[in-house]
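A.B. asks: Below is a structure I'd like to ask you about.
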Amino acid sequence: MLLTPPLNSAYPFNPQLQATLQGKALLLNELPFSEEEIQAHYENGYCSYMQGIEKNARNKYSCKRCGNENQQLFASFPCARCQETCTYCRNCIMMGRISECTPLITWNGPKLIQETSEIALQWSGTLSPGQQEASDKMEAIIEDQSELLIWAVCGAGKTEILFKGIEKALKQNQRVCIATPRTDVVLELAPRLQEVFPDIKVLPVYGGSEDRHLYSPLTISTTHQLFRFQQAFDLVILDEMDAFPYSVDTSLQYAVQKARKEHSTLIYLTATPDKAWQEKCRQKKIPFVTIPARFHQYPLPVPSFQWCGNWEKGLSKEKLPAPLIKWIHERVPEKKPILLFVPKIYYMEKIKTLLQPIISSLEAVHAEDPNRKEKVQKMRDKKVDLLITTTILERGVTFPNVDVAVLGAENPIFTESALVQISGRVGRKKEFPGGTITFFHYGKTNSMVSARKQIMKSNKEARERGMLR
């Protein structure tokens, strides 16, 4: 239920409140304004109150922030605010508790005027033929306000493909959002976009970001933060739409759709669409474009398989597999940066300790690591020679001249998609287009074989289309 009194156009509204609420639905405690000021704007028709949790005639609850309708994800508590037993949504509790008596506040007054028509792209690079085709299709789809899938291999230069489309949207005074499941990608994309669009403030939005309540014509956001947006963006670019958790979380998919305006454009980006999306492409149920080659036009490194015995049993006896030690020893004299993926956090510190006699400059990082950003940056700054990681770094990061290994590639966590993405960390830079990717295993899996086949298929298609050197 939406509550909005008639608009009193004579009321001097607060432009800062307008900028904060434009295209959003926020809780009262998320707003840096007094309750009295917000209430005054509501009474004069500039704000709307929307019930956060609704109950229908069948006594079923639904959350208006995250779209949750799973009754098992609702709970009740004695509420100090309304002095009654109140129901709240557990599905989006990490965004702050939303309950029956906590309204979502939206802006109902004049729209913020966004003057971006004079913005110009500051980029002197050139696109490869595959990139250019995708860029042209993106510009056309923005005109149609439709949807497009860009299926591009790892290292195809997806970010550069977006530049002209974003510029076109901004010149039409459209509001743009690049959404991604992971904070790492937000942190990597924001400075790149700010560099090529210096005339505007590019806004990175993620959990804990200080400026996340500001307004910007170009926002780069985690998909979780999109819960706070509503009818905000004319162009949404969904990067890595196959990545966890977005790929399995229907509430995140709901958040993306809720953040779009009714008439808007949605661009899907991925190197590894799942089988359902591949079938959509085959049946031409969605416009799509494929880029089977990297921007530098060198082939994708193909994974090699290396049997290493029962490595888990060896680790329990404080031993690393000999083939892995040999592989690392070969790279130490060359000062070759190494990225080592392992299936479980449990193994990381033990492997780190066992590798220290071989290579002293190393770190281990995982999703819950409080020093995660700093460790990844040390790897970028070449202050670390080897970084041990979980699948958290399977995508969205670039380390020049790196060689990559997967220990325990047979583990179920290493899906076909994950292994393709991990392989895609190698050879991304034009200056270092080669490198090796090795799957150390205790038995081949269908995922390993399928990942290698997918990479070889892309290389074959790229050769047939004349996209390789």
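The values are calculated or read from the model by the stated rules, or taken from the named source; none is laboratory data. Remember, it's a predicted structure, so these values are computed and weren't measured experimentally. Here the Cβ is made from the backbone with ideal geometry for all residues, glycine too, and neighbour counts use every protein chain on show. Protein only, heavy atoms only, side chains kept; ligands, DNA and RNA dropped before computing areas. Shrake-Rupley method; radii C 1.70, N 1.55, O 1.52, S 1.80 Å.
A.B. asks: So what J values fall out for the stretch 360-366 if you push phi through Karplus, 6.51 cos²θ - 1.76 cosθ + 1.60 with θ = phi - 60°, rounded to Hz, Gly and Pro as x?
C.D. replies: 6, 8, 9, 9, 10, 9, 8
A.B. asks: For the stretch 182-193, what does the Karplus curve 6.51 cos²θ - 1.76 cosθ + 1.60, with θ = phi - 60°, yield as ³J(HN,Hα) per residue in whole Hz, taken in order and with x for Gly and Pro?
C.D. replies: Computed from phi, the couplings for the stretch 182-193 are 10, 4, 4, 5, 4, 5, 7, 6, 4, x, 5, 6 Hz.
A.B. asks: With θ set to phi - 60°, apply the Karplus curve 6.51 cos²θ - 1.76 cosθ + 1.60 along the stretch 160-171 and write out the HN-Hα couplings as whole Hz, x wherever there is a Gly or Pro.
C.D. replies: 5, 4, 6, 3, 5, x, 4, 4, 4, 5, 5, 5
A.B. asks: Compute the distance in nm between two label points, each set 7 Å from the Cα along the Cα-to-Cβ direction, one at residue 286 and one at residue 382.
C.D. replies: About 4.0 nm separates the two model spin labels.
A.B. asks: While we're on this one: Tell me the mean residue ellipticity at 222 nm calculated for the chain from its helices only (DSSP H runs of n ≥ 4, each -39500 (n - 2.57), averaged over every residue, nearest 500).
C.D. replies: Mean residue ellipticity at 222 nm (helix-derived): -9000 deg cm²/dmol.
A.B. asks: By per-residue mean of other Cβ atoms within 10 Å, what is the highest-first order of 96-104, 81-89?
C.D. replies: 96-104, 81-89
A.B. asks: R0 = 35 Å: FRET efficiency of residue 124 with residue 77, Cβ-based, nearest 0.05?
C.D. replies: Approximately 0.05, to the nearest 0.05.
A.B. asks: From the C-alpha gyration tensor of the chain, pull out the three semi-axes of the equivalent ellipsoid (sqrt of 5λ each), sorted largest to smallest, in whole Å.
C.D. replies: 43, 27, 20
A.B. asks: Which of the listed residues, 288, 370, 252, is farthest toward the dipole's positive end in the chain, when Lys, Arg count +1 and Asp, Glu count -1 at the beta-carbon?
C.D. replies: The residue sitting most towards the positive pole is 288.
A.B. asks: Using only Cα atoms, locate the centre of the stretch 176-190 and the centre of the stretch 123-156, then give the distance between them in Å, rounded to an integer.
C.D. replies: Taking the Cα centre of each part, the stretch 176-190 and the stretch 123-156 sit 18 Å apart.
A.B. asks: Quick check on my link table: of 171/275; 285/430; 158/258; 258/280, which ones sit more than 27 Å apart, alpha carbon to alpha carbon?
C.D. replies: 171/275; 285/430
A.B. asks: Let me ask something else about it. Give the lysines reachable from residue 317 as a straight Cα distance under 21 Å; neighbours fewer than 8 places away on the same chain don't count.
C.D. replies: Counting by Cα, and skipping residues close in sequence, residue 317 has these lysines nearby: 326, 344, 350, 352.
A.B. asks: Taking the alpha-carbon centroid of each part, what is the distance from the stretch 210-249 to the stretch 293-325 in angstrom?
C.D. replies: Cα centres, the stretch 210-249 to the stretch 293-325: 35 Å.
A.B. asks: Something else about it: How large is the accessible surface per residue of the chain, computed with a 1.4 Å probe and reported in Å² as a whole number?
C.D. replies: 45 Å²
A.B. asks: If you don't mind, there's one more thing I want to ask. Roughly speaking, to the nearest percent, how much of the chain's 1.4 Å accessible area is carbon and sulfur?
C.D. replies: Result for the chain: 50 percent of the exposed heavy-atom area is carbon or sulfur.
A.B. asks: Ok, one more. log10 I(q)/I(0), Debye, Cα-only the stretch 15-107, no solvent, q = 0.14, 0.17, 0.19, 0.25 Å⁻¹?
C.D. replies: Values returned for q = 0.14, 0.17, 0.19, 0.25 Å⁻¹ are -0.53, -0.75, -0.90, -1.27.
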